[in-house]
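Reviewing the structure listed below.
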């Protein structure tokens, strides 16, 4: 669904941004690059008339702003990052939501056909005075063109690509949402059965037959797929392997590139000291499901004496693991557990501030980044349900002590130095 500009503008205001200019400078205008892709496209340029036609990018929720002064954020070279700001005058809105805009002679080299972000900037630093749009007079005072100098953005050494940063943030947010859905499904399973789902249901032959991922299907709106799975057969029977070809999207991390496959990107933490205990549920016969789920001693929230906000349920998996989503295989908490960023440990595939982070869902449903610099000994107390350790979740955060959820969007900032000279920065 496409939203009108006014609603989309309101969504921008809901995005928290923490930041400030240094003492010898002030931010006079700013514009957040909230979306993972450019919002508009320049479709035609008449250099002689200094005129451009601009339309909304396909699928974008931003409309063309009203006639009058605005800014256009564009790449300084084809295929490059959005690092240049052009002052424009939207003179006419045509049918099909196409704007006709003029620009100054100093911006002729910068205005080319291709991706762009069009809008009216905020007055001051976004997040401090987010409801104040820059005045027409202030925008008119801008030079024809401002080009930012390259600086690191956190995507890699020397990388200057705010769109890549926004895309990485969107993928990270998508992955966090997947983990949130799985944590909610875990809670709903507990409400339905009065106990936790087992990491694996052990078959009558003593081998792992069914994964928690299959058990949660009814709680992630996949009841039809759940009904296709045959619990009287192991996960790798021909009938159940056919079900394995239909992996729900919630088990795939948006950050993992490549063609779609059926390998799960999220796994449970399993072990005697973890919430998911090995061999907690066993089938006495092929037709013992689902009765086996509530037979014997139940394991529920009462057993999480460390606190649900201090105990990890699920986490991202290293792509090298390649775990079929229906296979009862997970992250094993034992003496050799390596921590974060190694194949046998929690996967760290999300770039953030020059490093990579893993993501974890805690038993209270909260989601947090896990810096790959965190060692296994620091992580271990968060993997046990009743260890009695004193813990501090800030020890798990990404570099700089920031969680992915609190990291703001890339920001285009127009900065005035002490001498009044304006320059452009893009976070």
- Note on the structure: Going through the stretch 214-250 in order, the residues found to be in contact with a helix residue (DSSP H, G or I) (Cβ under 6 Å, 6 or more places away or on another chain), assigned to a helix (DSSP H, G or I) and touching a residue at least 60 places away in the same chain (Cβ under 8 Å) are 243, 250
- Query: From the set of residues in the stretch 49-61 that are at pLDDT 95 or above and part of a loop (DSSP other than H, G, I, E, B), which is surrounded by the fewest Cβ atoms within 10 Å (Cβ to Cβ)?
  - Reply: 49
- Task: Check off (1) surrounded by fewer than 24 Cβ atoms within 10 Å (Cβ to Cβ); (2) within 22 Å of residue 188 (Cα to Cα); (3) in contact (Cβ under 8 Å) with a residue 12 or more places away in the chain for residue 316 and give me the number that stays unchecked.
- Result: (1)
- Restrict the check to the stretch 368-380 and report whether at least one residue is closer than 21 Å to residue 212 by Cα and touching a helix residue (DSSP H, G or I) at 6+ places or on another chain (Cβ under 8 Å). no
- Query: Is it the case that some residue within the stretch 199-213 is modelled with pLDDT of 95 or more, under 23 Å from residue 350 (Cα atoms) and surrounded by 16 or more Cβ atoms within 10 Å (Cβ to Cβ)?
  - Reply: yes
- Note on the structure: Residue pairs within 6 Å by beta carbon, gap of at least six or interchain, first lying in the stretch 278-297 and in contact (Cβ under 8 Å) with a residue 40 or more places away in the chain, second surrounded by fewer than 13 Cβ atoms within 10 Å (Cβ to Cβ) and part of a loop (DSSP other than H, G, I, E, B), listed first then second, are none
- Task: Could you tell me whether any residue of the stretch 165-182 is over 30 Å from residue 411 (Cα atoms) and buried (at least 19 other Cβ atoms within 10 Å of the Cβ)?
- Result: yes
- Name the residues in the stretch 223-232 that are more than 14 Å from residue 325 (Cα to Cα) and either out of contact with any strand residue (DSSP E or B) (no Cβ under 8 Å at 6 or more places or on another chain) or surrounded by fewer than 16 Cβ atoms within 10 Å (Cβ to Cβ) (or both), would you? 223, 224, 227, 228, 230, 232
- Query: Which one of these is over 30 Å from residue 306 (Cβ atoms) and modelled with pLDDT of 95 or more: 257, 222?
  - Reply: 222
- Message: For the stretch 274-310, give me each residue that is in contact with a helix residue (DSSP H, G or I) (Cβ under 9 Å, 6 or more places away or on another chain) and farther than 18 Å from residue 208 by Cβ.
- Response: 294, 298, 300, 301, 304, 306, 308, 309, 310
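The values are calculated or read from the model by the stated rules, or taken from the named source; none is laboratory data. It should be emphasised that the depicted structure is a prediction, and the values quoted were computed from it without experimental measurement. Every residue, glycine among them, receives a Cβ derived from its backbone with ideal geometry; neighbour counts consider all protein chains shown.
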